[in-house]
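Reading through the structure tokens given below for one structure.
Taken together, the values in this text are just the output of simple stated rules run on the coordinates, not laboratory data. Owing to the predicted nature of the structure, the values given are computational and were not obtained by experimental measurement. Ideal geometry is used to build each Cβ from the backbone, glycine not excepted, and the neighbour counts take in all protein chains shown.
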Amino acid sequence: MKILIADDESLARSVLKSILQELDLPLEGLKEAVDGEQMIEQVKRYAPELVFVDIRMPKLNGLEAIEEGKKFSPYTRWVILTGYPEFSYAQQAIKLGASDYLLKPVDPEEVKKLVNEARRGNTEWLLNRNRQFESQIADLYQGLSSLQQEDQESFLLKAHFTGAVFCIDSNLIEVAKAERRRDFLQTLHTRLDHTVVSELRQALFTLSSGESALVVAWEPTRYIQGKQYLSTLLYPLKELYQQFNDNNFCITILETDDCSSYNELYEKLNCIQHFSLLRTICGIGKTLYIADLVQYTTQQELLEVCSILIKISDCYGKKTYLSFMKALDTLESKLCENNTLNHHTKTCIANFLNRTVSCQLEAHQDTTCWKQVLQACGEELLIDEQKKDKQDIVDQVVSFIDENYMFEIGVGQIAMQLHVTPNYLSSLFHKKMGMTFMKYLTHVRMLRAKELLTDSKLSIQEVAEQVGYYSSRHFTKTFTELFGYYPSDCRKKSIKSGALRLTEETVTKN
């Protein structure tokens, strides 16, 4: 707590200072001022939570000093020091916003009472201010408000910012992972509430990606103090992250650097979200800065590897065997293409997979060895799936078709991966879906083709290839049988409909 004593009498200052020091308070600073002007300078520089002000001081009296000081530190609590003859002045000070007054000579018990009230009141005020700031930041980020709607004197238009995004990787099932994440965020929120300071405003909110972000802001005129308190705030929080990190649950912190405006913060948070997958090759379970990520953002092959690693992790967490095995094949292919990965990158990839797939990979092992280990993890998923209700097998097949309809896939291929016979899988599928495997696959392909035909830039042949047909003749025949008109007619209808809408809009405007 920061306290200022403003009194032109040296003895009065010494007595009050001695009383405050004997209270054993967590004092961050105990400053003194000998006149009203010096008090204003101290308020500007230190923004104390509590100021004891003598009514009669040189240059500016207590009433004038309080009125001026409130302009620079609106949350400061003011306590008047007065003798009996100045009691009417004390009443005026209360009207100006002073919280209380003390009669000289001051009573230590009264001082203690006022200090404790100031601490409680100041903490409550700062918490409410943080809640308001949290709401403002969340609304801005989600597009529910804009900086244009802010007053020119708004803190948001003047502040400096820094941000951190928390990425969570885990091999726990979705329910357990969500519960662990909730515990972490609740603990983090509690810790933040216990470390509120006047120099900083804090906001903990959820991004559009589902990840959580912490934004901290401070006045540019208080840059040095803001940065000092920021380091004091972040260090114990990083210890908290490590308490939650273990072999099953891992938190990676992705930090922006200092941002001189909200718009800069917004851009950097978006950049972090977009490239957060790079943590798979930079290392998880630690703090990464935006500069650590940016150096890889133009390396498309590495980005593709990162995307596949995230896919493998998601499939394992959701226990989707078919998609998991498909992603493994893709990873093997990409790693063979990127055979120049350095030891550090391979170590980071191995660590990511060890944490998210519960395996034991080593950086010195080759790609073939990695695939064998990961396939064994996939087989465990299959065993788990076979213990479940038969309906879940069909759900997996449906998901697999929806994601891979553009490739050559068949019921025999999928049945082999699920270790069941094609006839058994076909029977299960037909019973639940009310149609055969091939009929469902055809429906998915044709519906997607219908969507693509609205894009006049794609030829009929290109549309056919994108939905798994390499013969436009076969594609046209299948499309016509299902919808009752040719693919070219579908395109004409789309173009005509678009032209009609355009005409209607033109008429409406005119």
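Would you mind ranking Arg77, Arg182, Arg279, Arg191 so that the residue whose beta carbon has the fewest other beta carbons within 10 Å leads the list? Don't skip to the end; give the middle numbers.
Working: Arg77 22, Arg182 10, Arg279 26, Arg191 14.
Ranked by crowding around the Cβ, least crowded first: Arg182, Arg191, Arg77, Arg279.
Which order do the peptides 121-131, 5-15 take when ranked by the mean count of other beta-carbon atoms within 10 Å per residue, highest first?
Details: 121-131: 15.1, 5-15: 17.8.
By packing density, highest mean first, the sequence is 5-15, 121-131.
Relative to the longest principal axis of the C-alpha atoms of the chain, give the angle of the C-alpha long axis of helix 262-274, reported between 0 and 90° and rounded to the nearest 10°.
30
Helix-only estimate, please: 222 nm mean residue ellipticity of the chain, summing -39500 (n - 2.57) across DSSP H runs of length 4 or more and dividing by its residues, to the nearest 500.
Mean residue ellipticity at 222 nm (helix-derived): -20000 deg cm²/dmol.
Compute the length gained on full extension between Arg56 and Val398: take 0.36 nm times their separation in residues and subtract their Cα-Cα distance, giving the result in nm to one decimal. Show your work: numbers first, answer last.
On the way: separation 342, 0.36 × 342 = 123.12 nm, distance 8.27 nm.
Once the chain is fully extended between Arg56 and Val398, it gains 114.8 nm.
Report, to the nearest 10°, how far helix 367-387 tilts away from the longest principal axis of the Cα atoms in the chain, using its own Cα long axis and a range of 0 to 90°.
That helix lies at roughly 90 degrees to the long axis.
Find the lysine pairs in segment 356-470 meeting two conditions, Cα atoms under 19 Å apart and a separation of 8 or more places or different chains, and report how many there are.
Details: Lys387/Lys432; Lys388/Lys431; Lys388/Lys432; Lys390/Lys431; Lys390/Lys432; Lys431/Lys439; Lys439/Lys450.
Step by step, the pairs that qualify in segment 356-470 add up to 7.
Any idea which of Leu30, Cys315, Leu156 is furthest toward the positive side of the dipole for the chain, if Lys and Arg beta-carbons carry +1 and Asp and Glu beta-carbons -1?
Cys315
Long-range amide H contacts for Ile80: which residues qualify at under 5 Å (H placed 1.01 Å from N, peptide plane, sequence gap of 5 or more or a different chain)?
Val53, Asp100, Tyr101, Leu102
Per residue Cα convex hull volume for the chain, in cubic angstrom? Could the numbers behind the result be given before it?
Details: hull volume 113.8 nm³, N = 510.
Spread over its residues, the Cα hull of the chain gives 223 Å³ apiece.
Please give the Cα centre distance for segment 288-327 versus segment 117-165, rounded to the nearest Å.
Distance between centres, Cα-based: 34 Å.
Over the residues of segment 393-453, compute the C-alpha Rg and express it relative to 2.2 N^0.38 Å. It would help to have the intermediate numbers written out before the result.
Details: Rg = 11.6 Å, N = 61, 2.2 N^0.38 = 10.5 Å.
It is 1.10.
Taking a threshold of 30 Å on the Cα-Cα distance, which of the pairs Lys71/Lys268; Lys70/Lys238; Lys334/Lys492; Lys17/Lys70; Lys238/Lys268 fall above it?
On the way: Lys71/Lys268 33 Å; Lys70/Lys238 36 Å; Lys334/Lys492 40 Å; Lys17/Lys70 23 Å; Lys238/Lys268 21 Å.
Long pairs (Cα-Cα over 30 Å): Lys71/Lys268; Lys70/Lys238; Lys334/Lys492.
For the chain, find the longest principal axis of its Cα atoms and tell me its angle to the long axis of helix 300-318, 0 to 90°, nearest 10.
90
Please give, to one decimal in nm, the separation of the simple spin-label points placed at Glu68 and Glu304, each 7 Å out from Cα toward the Cβ.
Output for this residue pair reads 6.9 nm.
With a 10 Å radius around each residue's Cβ, average the other Cβ atoms per peptide and rank 337-349, 57-69, highest first. Write out the running numbers ahead of the final one.
Numbers: 337-349: 14.4, 57-69: 19.7.
With the highest mean Cβ count within 10 Å placed first, the list reads 57-69, 337-349.
For segment 200-348, divide the Cα radius of gyration by the Kirkwood radius and give the resulting Rg/Rh value with two decimals.
Numbers: Rg = 17.7 Å, Rh = 17.4 Å.
That ratio is 1.02, to two decimals.
At what distance in nm do the modelled label points of Ser471 and Ala291 sit from each other, each positioned 7 Å from its Cα along Cα→Cβ?
6.0
I'd like the distance between the alpha-carbon centres of segment 232-271 and segment 31-88, rounded to an integer number of Å.
Answer, in whole Å: 39.
With contacts defined as alpha carbon pairs under 8 Å and 6 or more residues apart, what's the relative contact order of segment 274-396 in percent?
Working: 117 pairs, mean separation 33.2, N = 123.
Normalised by residue count, the contact order of segment 274-396 is 27 percent.
Taking the Cα atoms of segment 2-106 alone, what are Rg (to one decimal) and Dmax (as a whole number) in Å?
Looking at segment 2-106, its Cα Rg and Dmax stand at 12.3, 34 Å.
Measure off 7 Å from each Cα along the Cα-to-Cβ vector at Gln375 and Lys493, then give the distance between these two points in nanometres to one decimal.
Each label point is offset 7 Å from its Cα along the Cβ direction, giving 4.7 nm.
Cut-off is 10 Å between beta-carbons; in what order do Met438, Met433 appear when sorted fewest neighbours first?
Numbers: Met438 12, Met433 15.
Result, fewest neighbours first: Met438, Met433.
Could you calculate the FRET efficiency of Asp183 with Ser18 from 1/(1 + (r/R0)^6), where r is the beta carbon distance between them and R0 is 45 Å, rounded to 0.05?
Details: r = 46 Å, r/R0 = 1.01.
In this case the efficiency is close to 0.50.
Taking just the alpha carbons, could you work out the radius of gyration and Dmax for segment 286-367, both in angstroms?
Rg then Dmax for segment 286-367, in Å: 12.9, 36.
Residue separation times 0.36 nm, minus the C-alpha to C-alpha distance between Cys271 and Phe155: what's the value? Before the final figure, lay out each step's value.
Values: separation 116, 0.36 × 116 = 41.76 nm, distance 2.42 nm.
Result for the pair: 39.3 nm of gain on full extension.
Counting only residues 5 or more places away or on other chains, whose amide H sits under 5 Å from the amide H of Tyr289 once H atoms are built in the peptide plane?
Glu255
Roughly what % antiparallel, to the nearest 5, for the DSSP beta bridges in segment 152-294?
On the way: 21 of 24 bridges.
Close to 90 percent.
Assuming R0 = 22 Å, what is the FRET efficiency of Lys113 and Tyr75, from their Cβ-Cβ distance, to the nearest 0.05? Before the final figure, lay out the partial values.
Numbers: r = 20 Å, r/R0 = 0.91.
It comes to 0.65.
Sorted from fewest to most neighbouring beta carbons within 10 Å, what does the list Tyr75, Tyr46, Tyr235 look like?
Working: Tyr75 14, Tyr46 21, Tyr235 9.
With the fewest neighbours first, Tyr75, Tyr46, Tyr235 line up as Tyr235, Tyr75, Tyr46.
Which value, in debye to the nearest 20, describes the size of the charge dipole of segment 2-106 about its Cα centre when Lys and Arg Cβ atoms bear +1, Asp and Glu Cβ atoms bear -1, and nothing else is charged? Show your work: numbers first, answer last.
Numbers: 13 positive and 17 negative charges, 46 e Å.
So the magnitude is around 220 debye.
So if we plug the beta-carbon distance of Asn128 and Leu25 into 1/(1 + (r/R0)^6) with R0 = 25 Å, what FRET efficiency do we get, rounded to 0.05? Mind dumping the intermediate values first?
Working: r = 23 Å, r/R0 = 0.91.
The computed FRET efficiency comes out at 0.65.
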